[in-house]
Amino acid sequence: MSYKRWLWVLGSLSLIVLCLSLGAEPIKASEMFLKGSASYRILWELRLPRLLFVVLVGGALAQLGGTYQILFRNPLAEPYILGVSSAVVLGVVAGEALFHVPVLSTASAGLGFLCAGLATTLLVFISLHAGSRQVERIVLFGMGLNFVLSSILFLILSFYNQHIGGGSLRWLFGHVPWISFSGVAVLYALCLPLLGILYVLGRPLDAISLGDGVARTLGFSPNRQRIWILILSSVLLCALVTYTGAIGFVGLVVPHAVRLALRPSGSRTLFAFSFLLGAAFLVVSDSLSRILLPPFELPIGIVTTLIGGPAFLLLLWRRVQ
Amino acid sequence: MVYRVIGIYILGLVATAPATQLRLATTSPDSTQLLADLGLGAQIVATVQPEVLAEPYRSLPSLGSLYLPNIEKLLAANVDTVVVDRSLHQVYFEEAIERLGIPHEGIHVTSLQSLLQDAQKLAQTLGGKIPDALRSCVLSLQERPQVASFSFLLLAWTNPAMAFGKKTLLSDILHAFGGENLVPDKWNQSYPQLSVEWLLQHRPNYVFVVTYTEKDVERARQDLNKWWPESDTQLIALPAAQFSHANFSPLKSLTQLKLRGLQKGACP
């Protein structure tokens with residue numbers, strides 16, 4: 001690995017660790033290991049599990065963004081393009097507004113998974129019947145689905161907005177919950193294998209990125225690979241969105257930033273660095289959301305866009321220069 | 001949980017030791033005022049939106065947003081019990097304090113009955129007392145004959161018209177005076193938005209509007225004239241400081257309702 005890449009790895013890891021010290025309350029060094037003290041509880045029961053959670057969410061969103069950009073040969077592709085996340089959001093919000101199912105509960109996650117499952121099934125059905133224009137049709141259908149589901153969501157919100165102020169309304173803007181170690185462990189157990197499989201599928205993705213004809217020549221079935229990746233990524237995305245809502249910009253910007261800064265040779269390198277950079281980016285955004293206007297906590301989706309947008313434009317500008 | 005009273009039985013006599021002061025936190029201005037009425041105000045060490053409260057609560061440390069109080073601040077405040085206002089749906093906050101094992105009491109005032117129940121629950125658990133005048137005021141209102149003698153709409157603001165539904169304390173108080181809230185039950189919302197078309201079809205005897213400034217009163221008057229020109233619908237402005245809270249505050253200002261037949265009775 002080149003010197004430059006090592007520098008990115010070390011920089012990202014240092015940022016992640018450094019952010020552990022940031023929050024609404026200062027941590028007293030003398031109380032850091034004093035069990036029962038406020039500093040101890042803030043550090044070990046609140047910030048550390050939250051940090052591990054954010055690392056996974058940021059990394060996974062960035063890797064998913066990279067996957068979709070290659071899979072659909074579209075630089076504007078991001079994890080929320082296909083409507084699966086909108087389906088999760090609709091399920092969770094409808095659950096809270098209509099049936100008083102609180103966000104973050106098992107029932108709420110179940111509703112989110114159910115809606116995402118239906119959306120994914122529709123997407124797979126379209127993929128199977130799309131013939132040679134599979135990519136375009138999946139993306140177009142996904143965008144259409146997004147619009148329809150968003151309309152239903154706004155319809156529900158327009159009637160029930162006052163009942164969900166502190167719950168799913170906040171979650172809609174992208175929100176990181178205070179999560180326990182056991183909650184983090186469950187999420188890691190579900191997501192890491194999926195991320196691993198998507199990483200392994202990087203090789204067929206490289207072939208697909210060269211065109212369906214080339215992929216077939218190299219022994220891969222592009223349509224079948226797409227369907228598998230679609231299913232796996234939908235499950236992964238659903239797991240993330242049920243916890244955090246839709247956090248924008250990470251999946252779109254980070255893979256591009258990795259391409260611009262490190263010029264990865266293949267999908268797997270792109271995935272690995274996207275995961276690391278996505279994790280660092282979201283951890284920094286989360287810390288900023290908590291320290292910019294303490295004790296108020298800003299929705300993380302707004303912070304990611306505020307930081308990511310200008311940073312991305314700067315990268316592009318440097319590239320043009 | 002720290003118990004307020006320690007009973008010591010000596011030869012059949014009960015002696016009470018001074019209670020340990022609990023450190024309390026609240027998650028809404030309404031719950032802060034409720035605790036203050038129960039005589040527990042001095043024990044509150046942190047709250048949300050202290051800036052909207054009067055002294056001494058105005059200078060309390062802030063826990064941040066009404067919808068998402070800050071957990072780190074709460075831990076640093078080292079509280080014994082948190083009073084959670086469930087009308088705000090602070091789901092993330094409540095889930096987090098549950099997990100952290102911080103004792104909490106939930107309140108959700110939607111009627112005179114729930115006000116009394118929640119106040120009694122807090123008084124028992126935290127060691128306060130409902131002032132006799134307020135208790136008898138609530139009881140006397142509940143005992144009033146429930147005969148509808150006038151219709152009303154209760155608006156949080158007029159443009160767009162946002163009404164108080166039937167499951168709100170203020171609506172229930174007016175109901176106790178014989179009023180009928182014209183907002184239909186089937187809407188099942190605490191604060192439904194009313195369309196102008198709906199308003200044109202309904203003409204209440206009274207329109208109560210929560211107001212913050214004199215300009216609000218004037219604006220409400222203009223809106224009413226637009227909806228029901230030349231009507232005898234009476235506008236009654238309710239100052240937000242007294243009437244926008246779901247606690248004992250509205251009961252302390254009942255004479256401002258200016259309703260026919262309203263007697264001070266048992267109310268302060």
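State yes or no: is residue A:136 within 14 Å of chain B (Cβ to nearest Cβ), assigned to a helix (DSSP H, G or I) and acidic (Asp, Glu)?
No: the conditions fail for residue A:136.
Kindly indicate the residue of region B:18-77 that is away from chain A (no Cβ under 11 Å) and basic (Lys, Arg) and also surrounded by the most Cβ atoms within 10 Å (Cβ to Cβ) among those meeting that condition.
B:23
Going residue by residue through region B:238-246, is there one that turns out to be part of a helix (DSSP H, G or I), in contact with a helix residue (DSSP H, G or I) (Cβ under 7 Å, 6 or more places away or on another chain) and not aromatic (Phe, Trp, Tyr)?
Looking through region B:238-246, at least one residue is part of a helix (DSSP H, G or I), in contact with a helix residue (DSSP H, G or I) (Cβ under 7 Å, 6 or more places away or on another chain) and not aromatic (Phe, Trp, Tyr).
Given the criterion of a type outside the set (D, E, K, R) and more than 19 Å from residue B:112 (Cα to Cα), identify the matching residue among B:234, B:142, B:189.
B:234
Residues that are in contact with a His (Cβ under 8 Å, 6 or more places away or on another chain), of a type in the set (D, E, K, R), surrounded by fewer than 21 Cβ atoms within 10 Å (Cβ to Cβ) and over 28 Å from residue B:213 (Cα atoms): does region B:121-142 have at least one?
Taking every residue of region B:121-142 in turn, none turns out to be in contact with a His (Cβ under 8 Å, 6 or more places away or on another chain), of a type in the set (D, E, K, R), surrounded by fewer than 21 Cβ atoms within 10 Å (Cβ to Cβ) and over 28 Å from residue B:213 (Cα atoms).
Looking at (1) within 14 Å of another protein chain (Cβ to nearest Cβ); (2) buried (at least 21 other Cβ atoms within 10 Å of the Cβ); (3) among the small types (Gly, Ala, Ser), which is the only condition residue A:107 fails?
The failed condition is (2).
State all residues of region B:86-121 that are over 25 Å from residue B:165 (Cα atoms), touching a residue at least 40 places away in the same chain (Cβ under 8 Å) and more than 14 Å from every other protein chain (Cβ to nearest Cβ); if no residue qualifies, say none.
B:103 - this is the single residue of region B:86-121 that is over 25 Å from residue B:165 (Cα atoms), touching a residue at least 40 places away in the same chain (Cβ under 8 Å) and more than 14 Å from every other protein chain (Cβ to nearest Cβ).
Can you pull out every residue in region A:174-222 that is touching a residue at least 60 places away in the same chain (Cβ under 8 Å), closer than 30 Å to residue A:47 by Cα and not aliphatic (A, V, I, L, M)?
Within region A:174-222, A:174, A:175, A:177, A:178, A:180, A:181, A:183, A:188, A:191, A:199 qualify.
Do any strands (runs of 3 or more DSSP E) entirely within region B:147-212 hold 3 or more residues that are closer than 20 Å to residue B:245 by Cα and either in contact with an Asp or Glu (Cβ under 9 Å, 6 or more places away or on another chain) or without any contact (Cβ under 8 Å) to a residue 40 or more places away in the chain (or both), and if so, which?
It comes to B:150-158, B:161-163, B:206-211.
Which of the residues belonging to region A:119-142 are exposed (fewer than 13 other Cβ atoms within 10 Å of the Cβ) and aliphatic (A, V, I, L, M)?
A:128
Given (1) within 24 Å of the chain's Cα centre (by Cα); (2) modelled with pLDDT under 85; (3) closer than 15 Å to residue B:151 by Cα, where does residue B:208 come up short, assuming only one miss?
Looking at each condition in turn, residue B:208 falls short on (2).
Quick one: in region A:28-64, which of the residues that are more than 23 Å from residue A:182 (Cβ to Cβ) and surrounded by 17 or more Cβ atoms within 10 Å (Cβ to Cβ) is farthest from the other protein chains (Cβ to nearest Cβ)?
A:63
Is it true that residue A:217 is surrounded by fewer than 22 Cβ atoms within 10 Å (Cβ to Cβ), more than 21 Å from residue A:75 (Cβ to Cβ) and not small (Gly, Ala, Ser)?
So residue A:217 fits the description; yes.
I'd like the full set of residues that are more than 9 Å from chain B (Cβ to nearest Cβ) and either surrounded by fewer than 17 Cβ atoms within 10 Å (Cβ to Cβ) or closer than 18 Å to residue A:297 by Cα (or both), limited to region A:16-25.
Across region A:16-25, the qualifying residues are A:17, A:18, A:19, A:20, A:21, A:22.
Under 8 Å by Cβ, and 6 or more places apart or on different chains, what pairs join a residue from region A:287-301 that is within 12 Å of chain B (Cβ to nearest Cβ) with one that is charged (D, E, K, R) and in a loop (DSSP other than H, G, I, E, B)?
If the second residue must be charged (D, E, K, R) and in a loop (DSSP other than H, G, I, E, B), the pairs left are A:289/A:297; A:290/A:297.
The values are calculated or read from the model by the stated rules, or taken from the named source; none is laboratory data. Remember, predicted model here, so these are calculated numbers, not experimental data. In this analysis, Cβ positions are derived from the backbone assuming ideal geometry, glycine residues included, and neighbour counts consider all displayed protein chains.
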